[in-house]
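Here is the structure we will look at, set down as structure tokens.
The values are calculated or read from the model by the stated rules, or taken from the named source; none is laboratory data. The structure displayed is predicted, hence computed values, not measured ones. Note that we place each Cβ from the backbone using ideal geometry, even for glycine, and neighbour counts take in every protein chain shown. All accessible areas refer to the heavy atoms of the entire protein, side chains included, with ligands and DNA or RNA removed. Shrake-Rupley method; radii C 1.70, N 1.55, O 1.52, S 1.80 Å.
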Amino acid sequence: MAEVKVKVQPPDADPVEIENRIIELCHQFPHGITDQVIQNEMPHIEAQQRAVAINRLLSMGQLDLLRSNTGLLYRIKDSQNAGKMKGSDNQEKLVYQIIEDAGNKGIWSRDIRYKSNLPLTEINKILKNLESKKLIKAVKSVAASKKKVYMLYNLQPDRSVTGGAWYSDQDFESEFVEVLNQQCFKFLQSKVELSMEDIETILNTLIYDGKVEMTIIAAKEGTVGSVDGHMKLYRAVNPIIPPTGLVRAPCGLCPVFDDCHEGGEISPSNCIYMTEWLEF
């Protein structure tokens, strides 16, 4: 009698269990997983079942779909970004994810096109839409004056993009650098050692001139510049309405008021602040 072979089909896995297992894998590999990884971890699951589970997770906004050199990647979606991208289609989510991965160095539209494999007209439309939602921003790069890089809206551009303190709107601040150059050289020639108190004296004159304001904040012990758990912060200010009349009288804010008298080293007759006030 001929032997009859019966092929035993594996029982269908619970779709919820498949989805949960994919989510677990994404948490284990936060940079993303490929379909091959899912297949290796769940060899008994048919390709169609995997596809149904992945598509459901994508539609529910729990996964991000990315492109890489090795193919498609599935990555767990950040809960914060999920709210921001609510209502966006998969193409817009893909472009946003590519820009997010670029960090504060940004990314050219040409590279976005290469990584997303989307047509340029579609990318430009998506970029404009994301900019209008204040999810991303375009930043001019000192490396190429006519090109812009894109990054998330809340990021501070890297120095390699802005050029740092020596650039303003892509223009090299040659005069500013020259002034600093001369002052540094003059300081080195003088061989004068400036203490913290000396520097604060200079800053105080700027405060009295109304050009700078000071704020005292709490600071951790050992923080550079902190004293007794506090730190002084300075910033330049531009008054909306310039003070007038007696409000500008320098005597009320003068740090050497008690030493000021006629005939002395400090006197109203040789005070430059008093002269400026009288001329006003």
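A few points about this structure:
- Single residue of S79, S132 found to be open to solvent by 30 Å² or more (accessible area, probe 1.4 Å), under 22 Å from the mean Cα position of the chain (by Cα) and modelled with pLDDT of 85 or more: S132
- Only a single item in (1) surrounded by 14 or more Cβ atoms within 10 Å (Cβ to Cβ); (2) touching a strand residue (DSSP E or B) at 6+ places or on another chain (Cβ under 9 Å) is not met by N117, and it is number (1).
- Test: residue in the range 160-177 that is more than 22 Å from the chain's Cα centre (by Cα), of a type in the set (V, I, T) and either in the same structural domain as G252 (by the TED database) or modelled with pLDDT under 85 (or both): yes
- Residue count for the range 111-129 under the criterion of being without any contact (Cβ under 8 Å) to a residue 40 or more places away in the chain and more than 22 Å from the chain's Cα centre (by Cα): the result is 10.
- Enumeration of residues in the range 232-248 that are modelled with pLDDT under 75, loosely packed, with under 10 Cβ neighbours inside 10 Å and not in a loop (DSSP other than H, G, I, E, B): G245, L246, V247
- Test result for S88, touching a strand residue (DSSP E or B) at 6+ places or on another chain (Cβ under 8 Å), of a type in the set (G, A, S), within 24 Å of Q62 (Cβ to Cβ) and modelled with pLDDT under 90: no
- Listed by first and then second residue, the pairs linking a residue in the range 42-53 that is closer than 16 Å to N20 by Cβ to a residue that is small (G, A, S), with Cβ atoms under 7 Å apart and 6 or more places separating them unless they lie on different chains, are I45/A13; Q49/A13.
- At least 2 residues being in contact with a Phe, Trp or Tyr (Cβ under 9 Å, 6 or more places away or on another chain) and either touching a residue at least 24 places away in the same chain (Cβ under 8 Å) or surrounded by 15 or more Cβ atoms within 10 Å (Cβ to Cβ) (or both) is the threshold, and among the helices (runs of 4 or more DSSP H) wholly inside the range 147-231 those reaching it are 196-208.
- Search result, residues across the range 130-146 that are touching a residue at least 40 places away in the same chain (Cβ under 8 Å) and part of a helix (DSSP H, G or I): none
- Count of the range 251-274 residues which are assigned to a helix (DSSP H, G or I) and either touching a residue at least 12 places away in the same chain (Cβ under 8 Å) or open to solvent by less than 60 Å² (accessible area, probe 1.4 Å) (or both): 5
- Filter pass, I54 being at pLDDT 80 or above and not in a helix (DSSP H, G or I): no
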